[in-house]
1. Taking only the alpha carbons of the range 53-164, what extent do you get along each of the three principal axes, in Å, biggest first?
2. Can you give the calculated 222 nm mean residue ellipticity of the chain, where each DSSP H run of n ≥ 4 adds -39,500 (n - 2.57) and the sum is split over every residue, rounded to the nearest 500 deg cm²/dmol?
3. What length, rounded to one decimal in nm, is gained on full extension from Glu413 through to Ile37, with 0.36 nm per residue of separation minus their alpha-carbon distance?
4. Given a 1.4 Å probe and every protein chain left where it sits, what share in percent of the accessible area of the range 118-183 is carbon and sulfur?
5. If you line up the long axis of helix 245-256 against the longest principal axis of the chain, both from Cα atoms, how many degrees apart are they, to the nearest 10?
6. Skip the ligands, DNA and RNA, and give the accessible area per residue of the range 236-279 with a 1.4 Å probe, whole Å².
7. Which distance in nm do the two modelled labels at Asp16 and Leu224 give, with both placed 7 Å along the Cα-to-Cβ direction?
8. Just the number please: accessible area per residue for the range 57-107, 1.4 Å probe, all protein chains included, in Å².
Amino acid sequence: MSYKVLYRKYRPTRFDEVAGQKAIVQTLSNALKTGKIAHAYLFCGPRGTGKTTMAKLFAKALNCEKGNGEICNQCDNCQSANNGAHPDIIEIDAASNNGVEDARSLIEKVKFAPIKGKYKIYIIDEVHMMSTSAFNALLKTIEEPPAHVVFILATTEPHKVLPTILSRCQRYDFAKIEESAMVEYLMQVLDKEGVEYDTKALTPIVSIADGGMRDALMMLDQVLSYANKKITEKDVLDLFGIASLEEKIALLIDIANKNTSSVLNRANYFLAGGVDIKRLTISLIDILKDLLVFYTTTDTDLLSVLREQEIKTLEPHFNINQVNEMINILLDAENEFKIVANPRSLFEITLLKLVTLTPTVKDVPPVQAEVKPAVIKKVEPKKEAAPQPAKIEVKEDLAPLAIDGDMHHLDDETIIKIMVSGNKEERIDLLDKWAMTLQSLAASPKTGKYASLLLDGTPYIITEHILILNYDFERLAHKVNIKANQTNIAKIVEAILKRKVFVYALSRGEEVRLRQLFLNLRQINKLPAKEEVIIKED
């Protein structure tokens, strides 16, 4: 039997096997269970994010003999779909079938009843490649197809699809898959393949794949061919020309110490090893960004690339002005890579700029008081005083901020209800005073940690009894949701709102997912009415 590539071998056969896209999976599943099937769907988003896979699953579910939105994978219809041989699931590549005659041929076939299943489903991939005349020929059929026909259009470039076609489709936007979900899926694949692996080896694969599961699985295929019995981080770095984090840190330290010879030798080593210097430049920016974050916050929870030990290695060699200057030089280089004919020379020149234009910490002279002659100050017109932070006070002693423990959890259904009943006017008013009001408490030793944690969040939804905050980092959202922290967080928020509320936090990724779920439910009229929403207290 011929070898089957991983992305085809492990293509999901059920909705619950899909990595990421939870909101879309749930919305389509609900539509199938309630029988609210549209006549045309548009699946759009970056490559490798599951558009075609979801189209095939949806088509299979429409014809599954078990019904109610199920995919049994046992009935004759499901098995035919799994084998790519179902006569009523027709896949069309618009890249090679994009003319008006192709559209007319399709229209002629649409009128015939399904042979085997309940529906005849047309999956048109890369639909943006169709010509304007082909779109126009197909327009009437997509608008009013026979009852037994469903169109699923897939594209990476929805802006190229005619507006008249877009307006007749239910649109689903596929987002890049989160890195954590991709790593988990790759681990499952390797476990099924019986391959030993170092978890750290999966991180660079996921990083390069940039949210595309198909790309990640294709890269994993290459690694399996390259590695022996166990996949290591070194295997991945060598195969795809990636410098290790340790090598990048060593390069930055050589730059800080003005060790020009070592810097150029390292550059030659990277280039000889096939390292992608554009990607390396971006990685150096990410490292310096983390260093800048640490200098300004001293909070290792906010770091995305570095760990505490790596920060300790880098910190003695830099100051905040250096880091800002180096980031600017590297950002300029990143932009110039797009237009230069010789990227190698640009990379070497950039390294030399970093060495010669940034002083080391020991080169920075001590700050000395400067004696200036007395001057007569010009009396300026009195300006209106800037608004002062609202003074609020928390009289009770607050317990230390917990960083681990039992957490509150609100399910999707509850959060959707909260979104429906949110007070937009109060949220806008709270946004205006949120940061200014918390600043006074952030400076207090008694309330500083809690106030700073709240200051990092943004009011997202507010109701009479609940406030939901949005955080860029999952770690911070978790701290808010730890039960041991709730009493003290509620005291501070009560001082701002003048009433008691339950405070809950979402990470940016969860907020995006839930917002898409909200929009999808609104599209199929499945949102609860605001006056009917009842939220039970925890």
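1. 41, 28, 22
2. Value at 222 nm, helices only, nearest 500: -15500 deg cm²/dmol.
3. 133.2 nm is the gain from fully extending Glu413 to Ile37.
4. 54 percent
5. With both axes taken from Cα atoms, the answer is about 40 degrees.
6. With all protein chains present, the range 236-279 gives 43 Å² per residue.
7. 2.5 nm
8. I get 47 Å² per residue for this part.
The values are calculated or read from the model by the stated rules, or taken from the named source; none is laboratory data. These numbers were taken from a predicted model, which means no experiment stands behind them. Glycine gets a Cβ as well: all are built from the backbone with ideal geometry, and neighbour counts include every protein chain shown. All accessible areas refer to the heavy atoms of the entire protein, side chains included, with ligands and DNA or RNA removed. Shrake-Rupley method; radii C 1.70, N 1.55, O 1.52, S 1.80 Å.
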